[in-house]
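Bear in mind that the values in this text are calculations on the coordinates, not laboratory data. Owing to the predicted nature of the structure, the values given are computational and were not obtained by experimental measurement. Here Cβ is always computed from backbone atoms with ideal geometry, including for glycine, and neighbour counts include all displayed protein chains.
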Amino acid sequence: MSTKSQYGEVKDDYHKKIMAKSIAILVVCIILTLICLVPIYILIVNSTHSSNDLAQNPSRFFFGTHLGDNLKTLMNNLPADASKTAKRVAAQYSSTFSVGKGYLNSLIIAGCSTLLTVFFSAMTAYGLTVYEFKLNSAAYTFIIGVMMIPVQVSSAGFVRFMYSLKLINSFIPLIVPAIAAPAVIFFMVSYMKSSFPLEIVEAARIDGCTEFRTFVTIAIPMMKPAIAVQAIFAFVSNWNNYYTQNMILKNADYSTVPIMVSKVLAFDKNIDNGVNYLCVTLSILPIVVVYFILSKFIIAGVALGGVKE
Amino acid sequence: MASAAQSRIKSISYAKYGYMFIAPFFLVYCFFQIWPLIYTFILSFKGNQANNAEWVGFDNYSQILFGTGSSQGAAGVHEEFARALGNTFVLWFGNFIPQILLSLLLAVWFTDAKVKLPGKGFFKIVMYMPNIITAASVAALYVNLFGDSKYYFVNSTLMKLGFIAESDPIQFVAGPTASKVMVMFIQTWLWFGNTMIMLMSGIMGISPSLFEAADIDGANSTQQFFKITLPLLQPIMVYTLVTSMIGGLQMFDLPYLYHNGANFSKQLETVAVYIYYNFNKGTVDQASYGFAGAASIIIFAITAVLGSITFYMNRDKDAIAKKKQRKKAEKQMKAKMKQGGLSI
């Protein structure tokens, strides 16, 4: 009898320990989740309050009713009887943060760069894995070698060079360089090595398919999973790329979302806190929405990158 | 199986397609990356602002690194660069340590089969989320929440809770120490999810039978962590460390934008900010390309050293494996020779 109870005790103790540990971990995770989400939540809440309300009581945890007013200020769509100050504020915000233009510019840059990145990286990876040629391994070593060079290192020369080519205030220096993405090529080469049978290329050749057509109609569809993962990361990083965009795009007409946010941040007079929050909310909204739709996919992609590299 | 003749035909007739497929990458890379890099190198030997075209030799380097040189403000130039380098290191170190500890802890917890944690997927998704948000927006978000007066969310809330007096708000943005701590915190906030997922995939690559065996032998989870997880995680940890260091040298958006008003705050100036500020000073043809170029080349040298460390470590494994194979083959050859009585 005594031994039985002893075993029971041990087992209960073990269970209790595991339970206690699980609960402790859960609590820590919930705290971290709050730390991740609360700033975003407060941001969205505050963009629904007017500047006056926020001045009276800045610590607000619940939604207000002034989202429409803030939007009107941002769009410079105030009623005719609005005060002079309000009109000045509205003019300042709407000329700096024009939502539609910002989204459009960011979308053009990020969209085009993403297409170029995935297409040409897949093409380079295909060239490196399918064909045997003299400089093959040298080219691959070069790509791995330059993978970690930071953009900052060449940016002084880049800006000066683009200036001499008269490409300042042009999207070309932001889109065309996307063709050369060493890290994406590295990922795609390792993907192709593991899951692209070369016999299929031979078969296509026997059927009289040209090399380029084999790549476009056979290889690209087979590389879809790798292309999709890399497309998401390329899009996000191009959308978020404040550094290069701010370097090249000096004219307000070409401003992208990150540039507009940084300009709003630099205001030192006629500040409307509610509208400030609204600008930041609008700047992160598209990317957060897309993230939550594709989140499982993205997490899997990050994990894959970790294993591969 | 392709015969020798077939493979010869293959290599003769298709090699040119290989070059055609990789040509666009190399053309674009040389035009937009290699040439600007060489150009930056050239610019680092030229003058600044009005003297842009003048050849000055190593003057920029000596001003930046040692505070000696032609210009009267050389000591100031050196001081600013040294401060930027110091800030870069402090900000990187201050976010890397908490980030790696937190990520490691979470990764171990999330991969522990014994712990029953509901909503693991949800936690991962939420913790990775900050990483995809535009850094410029993150800076704006935190400046708006942590503003220096009682009119901002955090200070106002702390006052209401009675932690600080209304007359004495914490200078989260303008304060020299507080702003650095904030940037470290935000960097950690941005990156811990990413590091966690990387480490998790590393831990999941460890054979579960090792943990089972340790369990049977009576090792507790702390012992398992230090004797199994950590040693086997070493390659991925080194990789994380080096990429984080290279990323730290590039730290720009957050230190550059975390401020009030029109000018970036000097107390957060990193090397990347220093470079950007110098080649962005004044009009495009009158900027301080010399200083920017010299600082870039210094960063390039540091990155090259760090990068070659990882490159060496990655290549090492293959080299060792090849060496083993070669030795094995040699042994077999020798054995055969002995058997057959062959001699060279």
Requested in this report: Quick one: check the C-alpha center-to-center distance for the range B:51-85 versus the range A:188-258, whole angstrom.
Outcome: 43
Query raised in the report: Given 0.36 nm per residue, what is the gain on full extension from B:T177 to B:I42 after removing their alpha carbon distance, in nm?
Result: 44.9 nm
Report task. Name the aspartates and glutamates eligible as straight-distance cross-link partners of B:K327: C-alpha to C-alpha under 16 Å, and not fewer than 8 places from it in the same chain. Result -> B:D318
Query raised in the report: What is the mean number of Cβ atoms from other protein chains located within 10 Å of the Cβ atom of each residue in peptide A:78-91, rounded to a whole number?
Result: 0
Report task. Would you be so kind as to identify all helices of chain B, as entire DSSP H runs, whose Cα atoms reach 24 Å or more along the helix's own axis and whose mean Kyte-Doolittle hydropathy is at least 0.5? Result -> B:4-29, B:74-111, B:176-204
Report summary line: Inter-chain shielding metric for B:144-156, i.e. average beta-carbon neighbours from other chains within 10 angstrom, reads 5
Report summary line: Across the alpha-carbon set of the range A:25-148, Rg over Rh with Rh taken as the Kirkwood radius works out to 1.26
Query - Spin-label model distance (nm) - A:L165 vs A:A228, 7 Å beyond Cα toward Cβ - result: 3.5
Query raised in the report: Of the listed peptides A:183-193, A:62-72, what is their order by residue-averaged count of other C-beta atoms within 10 Å, with the highest listed first?
Result: A:183-193, A:62-72
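At a 10 Å Cβ-Cβ cut-off, how would you order B:K160, A:K101, fewest neighbours first?
B:K160, A:K101
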Report summary line: Its Cα gyration tensor gives the protein assembly as shown an equivalent ellipsoid whose semi-axes in whole Å, largest first, are 45, 37, 26
**Report entry** Distant-in-sequence amide H partners of B:K46 (H built 1.01 Å from N, under 5 Å)
**Finding:** B:V56
Report task. With a Förster radius of 41 Å, plug the Cβ-Cβ distance of B:A82 and B:K227 into 1/(1 + (r/R0)^6) and report the FRET value to the nearest 0.05. Result -> 0.45
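To the nearest 0.05, how large is the calculated FRET efficiency for A:D253 and B:A335 if R₀ is 60 Å and r is the Cβ-Cβ distance?
After rounding, the FRET efficiency stands at 0.20.
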Report summary line: Residues whose built amide H sits under 5 Å from the amide H of A:K250, excluding neighbours closer than 5 in sequence, are A:N169
Report summary line: Under a Gaussian network model of chain A whose springs join Cα atoms within less than 10 Å, the largest fluctuation of A:T33, A:T85, A:T114 belongs to A:T33
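Over 20 Å between Cα atoms: which of A:K21/B:K116; A:K269/B:K160; A:K263/B:K266 fall into that group?
A:K269/B:K160
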**Report entry** Binned Cα-Cα distances of the range B:90-277, short to long, each 5 Å bin given as a whole percent
**Finding:** 1, 7, 14, 16, 15, 13, 11, 9, 7, 4, 2, 1, 0
Query raised in the report: Residue separation times 0.36 nm, minus the C-alpha to C-alpha distance between A:Y41 and A:K17: what's the value?
Result: 5.1 nm
Query raised in the report: Once both labels are modelled 7 Å past Cα along the beta-carbon direction, what's the B:Y14-A:A266 spacing in nm?
Result: 5.4
Report task. For A:E132 and A:F63, calculate 0.36 nm times their separation in residues minus their Cα-Cα distance, and state this gained length in nm to one decimal. Result -> 18.6 nm
**Report entry** Computed [θ] at 222 nm, helices only, for chain B once each DSSP H run of length n ≥ 4 contributes -39500 (n - 2.57)
**Finding:** -22500 deg cm²/dmol
Query raised in the report: What is the average number of partner chain Cβ atoms found within 10 Å of a Cβ in A:209-219?
Result: 1
Query raised in the report: In what sequence, highest mean first, do B:43-51, B:295-303, B:170-178 appear when ranked by Cβ atoms within 10 angstrom?
Result: B:295-303, B:43-51, B:170-178
